[in-house]
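Report on the structure given below.
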Amino acid sequence: MAMITGRTRGGAEWVPQFVTALNPQTCIGCGRCYKVCPRDVFELVDRADLMEADDDHDDDDEMMVMAVKDGQDCIGCTSCAKVCPKQCHTHEAAAA
């Protein structure tokens, strides 16, 4: 199975790494990924809404964190991961 590849302006080939998940347990809601993303991939949400299925979460946790809003709009630049102080993002290459 062939992977999606791109080319730099100089002609070098690279494999985009698309965001597939964001860990709400480690996210601090700083918004750096939101600010640096050239697309509309992320949104700020209440951590409790993301953690409802997890029995170990604290119901009083009112912290806002980032979440993947539209992963299909990701262009695979990994800018979000490069600025994240908590390494919350998961990326994968995609098949062509």
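Under the criterion of Cα pairs below 8 Å and six or more residues apart, the relative contact order for the chain equals 44 percent.
How much of the calculated P(r) for the stretch 21-89 lies past 13 Å, in percent of all Cα pairs? When every Cα pair of the stretch 21-89 is considered, 61 percent fall beyond 13 Å.
Could you work out which residue, out of 19, 83, 68, moves most in a Gaussian network model of the chain, that is, has the largest mean-square fluctuation with Cα springs under 10 Å? Of 19, 83, 68, the most mobile in the Gaussian network model is 83.
Coordinate-derived values only; no laboratory data. What you are looking at is a predicted structure, and each value in this text was computed from that prediction instead of being measured.
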